[in-house]
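Input: a single structure, listed below in structure tokens.
The values are calculated or read from the model by the stated rules, or taken from the named source; none is laboratory data. Being a predicted model, the structure only gives us computed values, none of them experimental. Cβ: placed from backbone, ideal geometry, glycine included. Neighbour counts: every protein chain shown.
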Amino acid sequence: MRTRKLLAAAATALVAATGFAVGVVNATASEASPASPGAKDVIVHLFEWPWSSVANECTSVLGPKGFGGVQVSPPQEHVVLPGQGYPWWQDYQPVSYQLSTRRGDRNAFASMVSTCHAAGVKIYVDAVVNHMAGGASSGTGSGGSAYSHYAYPAVAYGTDDFHHCGRNGNDDIANYGDRWEVQNCELVDLSDLKTESSYVRGKLTAYLNDLVGLGVDGFRVDAAKHMPAADMAAFLDPVNGDPYVFSEVIEGGSGEPTPEEYTGIGDVTEFRYGDVVGTAFKDGSLSNLNNLAGSMRLGSGDAVAFIDNHDTQRNGRAKLTYKDGTSYALSEAFMIAYPYGVPQVMSSFTFSNNDAGPPAASNGTTSAVSCGNGWQCEHRARTTANMVALRNAASGTAVSNWWSNGSNQIAFGRGSAAYVAFNRSGSALNRTFQTSLPAGTYCDVMAGDFTNGSCTGTAYTVNSSGQFTATVAANAALALHINARGTGTTPTGCTTAAIAFESNTTTTFGQNVFVTGNTAALGNWDPASAVALSSAAYPVWKATVTLPGNTAVQYKYIKKEGSTVVWESDPNRTRTTPSATPCSATWADTWR
């Protein structure tokens, strides 16, 4: 690998530390990263997946869907902690650089790499090179190697190969505003490698070269901010070939190492991305996302974007995770569609305990992945998997034809290659969209799959002016691209219907009548989101609500007075909205 120059990395660190400009920094800041994922740039983090399951996924899902790469969990020998239930983080405490983990051995790892390459998918390793194990554990690692806090015979590391900062009694970082402490004291008791040592650097380079020799395509450098950029450049620069490198650098406060210091080495994780985009989709405030780049710390060419990762899922920083359902799925789809950074999607195992490890046998060996059985597999959702082909089709194009309703509905194109619309409101979006797509019939890849020239879901016809008319349901999205043109189900009849609710209901002073039901437009059975009816024609209470056409709807009327809610008696009312013109109806009822 060739970094942007050791001098540049050192100079960047000097600027961050002292505030004095050095001429070479500006000269290198605009250069491209030394290596990139290429046009197929969507990375999926198969967190804690065993090697054989990663190989199967490359062949059956990732390759066919067009994913560019997989980030795999650390492949080096790690501590084993049965007394703590084999937590996920034991894999981030190295014992040696032998490739022997609870996810498989060296042969299984090598087989995975070659299998994924055959499917057109690259492998990026989560490289733990800042530290070894913590002082709270000692004994035998996952490959049988003995170790203690500052002794790792299998690597020939001893006490002198680690920092002993001596500031805080237990050597842990206490003041994150002190750069020296962040990079020379221990991160939560983990033995901190002396990365300024040529001996340690040689060991790290050898480990990474071993992985490159097996075909690994790049590295995510764990805990990068805890190592000076110059140290990283020194052990990364001699690595063979030109692997793609991206560094985990969490943006901090004054005095801490900054993300910009590490862009001379490769790309850097942009933690602001999940904050901004996650919040937008959580709250439904989408209209300002066209100004996304201006909200980020890093330029698009230096950033790896993500909604959540394995840490932010557990430490409370993530605004959205798989546990948030539709909002999360739509945010992932937006990230893939919008041209900022290298998008990284998460594929998790389910958890309620933040320390819990992946599904495993009684001895802690990770179980084969079975989606839905403890493995969440977010990347398989249509809203993620089908968007990868859209991003690949639109590679190199900018945002075009941006539209927003000023709040929770947006749409945009990617030049003449793709067009998407997102609706985070509680009612359907019905609109004629202006695109730059060539005329033709396109599959909505959010609603179905494109296979052999046909769509399993809805198709839309774009006219010679680049326009098409569509309805995007509440809390849903639409996506078209030039590599998914074919026949499908063309929407006919009523895509939406105006339903006039009329409830003959007597009330006492202070009571009001509402309607709620099993659709977003009716509040999804939440009394706080129910639709208020007007008493202008008392005792008949009225309101008109736009609902999806040709859809069975369940609903009930409720009376509210302050915090008191009175529901009408069971069962739920059930009616079907019109499927043909006129796309309207009156549903007249009497309170029961």
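Things to note:
- One residue from 210, 231 being surrounded by fewer than 24 Cβ atoms within 10 Å (Cβ to Cβ), out of contact with any Pro (no Cβ under 7 Å at 6 or more places or on another chain) and either modelled with pLDDT of 95 or more or within 19 Å of residue 124 (Cα to Cα) (or both): 210
- Filtered by the rule that a residue be in contact with an Asp or Glu (Cβ under 7 Å, 6 or more places away or on another chain) and assigned to a loop (DSSP other than H, G, I, E, B), segment 329-356 gives 341, 348.
- Annotation note: of 182, 200, the sole residue that is part of a helix (DSSP H, G or I), touching a Lys or Arg at 6+ places or on another chain (Cβ under 7 Å), within 20 Å of residue 260 (Cα to Cα) and of a type in the set (Val, Ile, Thr) is 182.
- Just one of the numbered conditions (1) surrounded by 15 or more Cβ atoms within 10 Å (Cβ to Cβ); (2) in contact with a helix residue (DSSP H, G or I) (Cβ under 8 Å, 6 or more places away or on another chain); (3) among the small types (Gly, Ala, Ser) is not true of residue 416: (2).
- Residue check, residue 291 on the phi < 0 side of the Ramachandran plot and free of Cβ contacts under 8 Å to residues at least 12 places away in the same chain: yes
- Boolean, residue 63 is surrounded by 22 or more Cβ atoms within 10 Å (Cβ to Cβ), at pLDDT 95 or above and of a type in the set (Gly, Ala, Ser): no
- Of the residues making up segment 31-85, those that are assigned to a strand (DSSP E or B) and either among the aliphatic types (A, V, I, L, M) or in contact with an Asp or Glu (Cβ under 7 Å, 6 or more places away or on another chain) (or both) number 8.
- In segment 501-514, the residues that are under 19 Å from residue 574 (Cα atoms) form Cβ pairs under 7 Å with partners that are polar (S, T, N, Q) and at pLDDT below 95, at six or more places apart or across chains, as follows: 502/586.
- The residue of segment 157-175 that is surrounded by the fewest Cβ atoms within 10 Å (Cβ to Cβ), among those that are of a type in the set (A, V, I, L, M, F, W, C), in a loop (DSSP other than H, G, I, E, B) and touching a residue at least 12 places away in the same chain (Cβ under 8 Å), is 165.
- The set of residues in segment 474-518 being among the hydrophobic types (A, V, I, L, M, F, W, C) and not in a strand (DSSP E or B) consists of 474, 482, 484, 494, 509.
- Residues that are more than 23 Å from the chain's Cα centre (by Cα) and under 22 Å from residue 176 (Cβ atoms), drawn from segment 240-264: 253, 254, 255, 256, 257, 261
- Pairs, first under 20 Å from residue 517 (Cβ atoms) in segment 560-572, second part of a loop (DSSP other than H, G, I, E, B) and of a type in the set (D, E, K, R), C-beta under 8 Å, six or more apart: 568/592; 569/592
- Strands (runs of 3 or more DSSP E) enclosed by segment 367-464 - at least 1 residues per element that are touching a residue at least 40 places away in the same chain (Cβ under 8 Å) and among the aromatic types (Phe, Trp, Tyr): 399-404, 409-414, 418-423, 440-443
- Restricting segment 113-147 to residues that are in a strand (DSSP E or B) and at pLDDT below 95, the residue that is nearest to residue 63 (Cα to Cα) is 134.
- Hits in segment 176-196 (condition: surrounded by fewer than 21 Cβ atoms within 10 Å (Cβ to Cβ) and under 20 Å from residue 207 (Cβ atoms)): 187, 194, 196
- Every pair of residues 6+ apart whose Cβ atoms lie under 7 Å, when the first sits in segment 198-216 and is without any contact (Cβ under 8 Å) to a residue 60 or more places away in the chain while the second is crowded, with 19+ Cβ neighbours inside 10 Å and among the β-branched types (Val, Ile, Thr): 201/195; 205/239; 209/239; 212/239
- Looking across segment 126-155 at every residue that is surrounded by fewer than 15 Cβ atoms within 10 Å (Cβ to Cβ) and aliphatic (A, V, I, L, M), the one that is nearest to residue 170 (Cα to Cα) is identified as 136.
- Lone qualifier among 553, 540 - being surrounded by 16 or more Cβ atoms within 10 Å (Cβ to Cβ) and either modelled with pLDDT under 95 or among the acidic types (Asp, Glu) (or both): 553
- Identity of the residue in segment 245-258, in contact (Cβ under 8 Å) with a residue 40 or more places away in the chain and surrounded by fewer than 24 Cβ atoms within 10 Å (Cβ to Cβ), that ends up farthest from residue 76 (Cα to Cα): 254
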